[in-house]
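First up is the structure itself, then whatever we jot down about it.
The values are calculated or read from the model by the stated rules, or taken from the named source; none is laboratory data. Quick caveat: nothing in here was measured; it's all calculated off a predicted structure. Neighbour counts are summed over all protein chains in view; Cβ atoms, including those assigned to glycine, are modelled from backbone coordinates with ideal geometry. Calculation scope for accessible area: heavy atoms of the full protein, side chains included, ligands and nucleic acids excluded. Shrake-Rupley method; radii C 1.70, N 1.55, O 1.52, S 1.80 Å.
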Amino acid sequence: MFSHHREREQPFFSARAHVFQIDPSTKRNWIPASKHAVTVSFFYDANRNVYRIISVGGTKAIINCSITPSMTFTKTSQKFGQWADSRANTVYGLGFATEQQLHQFSEKFKEVKDAARLARDKSQDKELANTALSIAAPQDLSDELQSPPVMCINGPEDKLFRSQSADITLSSEKERIKKMLSEGSICEMNLEAELFTLQDSNNKLVAALHEANANVEQWKKQLAAYQEETERLRDQVSELETHGGHGPSDLLKDELTQSLEELEALLKAKDEEIHILQNKKLEYHEMERDRDEAMHRLQEMEMRNSDLERRVQNSEQNLNNSLEERDRTDNEIQRSIEILDIKIFDLNDLRQSLVKLIDK
C-alpha cells in the first residue's frame, strides 16, 4: 500500500519526533506510539489534491492523517504539540528534541492547512459551476408539479409552529453546551499534555538530583582531603621559608608551590560544582511547584467538565420533554383534522340531501 502511495506522493517536509496517541478509553492519558523518535512527513497527492501527514514505524503506519482546513496544531509546551483527527477519532501528539523543530513543524502545518483550504474552495467552486449548469435547463415546471397549498387552521397550526420553534431553540442550546464541553475537553487534554511534559522533566531532574546526592558525599570527602593536603603543603612551604637553605632545594619548593596552586584551583572547581548542584536542587523544587499547580488546574477542569456534563444531561432531558410535548400536540392536531374531515363529510352529505329535497 505504501509503495503505491509513493508512486504518486512525495514528501516535501520531514521532521523527527516521538509520536503519541490519546487513550481512546479515557481521552486523557497519552499512549506512546513509537519507542524511539521516528520520521513524520508531509505528503501531497496531486491526483486527489489531498495533503497528508504520514509516519511509519517498522512495517506499520503510526500516522496516516488527511489534513483538513478545520484542523489546528496546538503547542502545549516548548517541545510538544498536538492536533485532533476527527476521521480517525483520535488526537496525535508529537514530542520534539528542540523548540525550533516544534516551531518549524507548526509553521509547516499552518501552510499545509491553508493550501488544503484553497484546494477545497476550488473544488467547491467547480462543483457549484457543474451544479448550476445541470439545473439551468429544467426551469419550466408546470403548476401541477408545484407544492400544493396548505390548508390553515388557526389553532393547531399555531401550536405546530410553536413546537417547531421550541425544538430549534432546544437543539441550538444543546449544540452550544456540547461545544462548551468539547472546549473543556480540549483544555483538559492540553493540561494533560503539559502535565506529561512536567512529569518527564521532573523525572529527569529527580534522576540528576539522585546522582548529584550520590556524588556529593564523595566530593565532600575529596574536598576535605584536598584541604588537609593544602594545609600540609602550606606548612611545608612555611617550614622551608623558615629554615632557608637548610631544607630542600629551591626546585622542590617550586614544585610544592605549583602543587598547592593546582589543589587550590581544583578546590575552587569543586566549590563551583557544588553551587551548580544547589541551583539544580532549587530548579527541582520549582518544577515540583509547577507540577502541583498543573494538577490543581487539572482537577478544576475535571470539576468543570462534570458540571458541563450535568448541564448537557439536563438539556437532553428538557429536549426529550419538549419532543414528547410536540408529539402530543401533533396527535391533537391529527385528531382535530380527523374531526374536521368528519364534519366536512357530514356537511357534504347534508348538502346533497338538501339538493335532493329541492329537486323533488
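Data table
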| read-out | value |
| --- | --- |
| Between the stretch 47-93 and the stretch 334-360, the Cα center-to-center distance that results, in Å | 70 Å |
| Difference of contour (0.36 nm per residue) and Cα-Cα distance, L354 to E273 | 17.3 nm |
| Summed residue charge, Cβ within 13 Å of I339's Cβ, Lys/Arg positive, Asp/Glu negative | -2 |
| Accessible area of the stretch 217-360 belonging to carbon and sulfur atoms, whole % at 1.4 Å probe | 50 percent |
| Accessible surface, per residue, of the stretch 45-123 when the full set of protein chains is kept, probe 1.4 Å, Å² | 51 Å² |
| Sequence ranges 110-123, 261-274, ranked by mean other-Cβ count within 10 angstrom, highest first | 110-123, 261-274 |
| Stokes-Einstein diffusion coefficient of the stretch 67-126, Kirkwood radius over Cα pairs, 4 °C, 1.567 mPa s, in µm²/s | 104 µm²/s |
| Too-long pairs where the Cα-Cα distance tops 20 Å, listed order kept, from K221/K270; K204/K268; K220/K268; K27/K204; K60/K108 | K204/K268; K27/K204; K60/K108 |
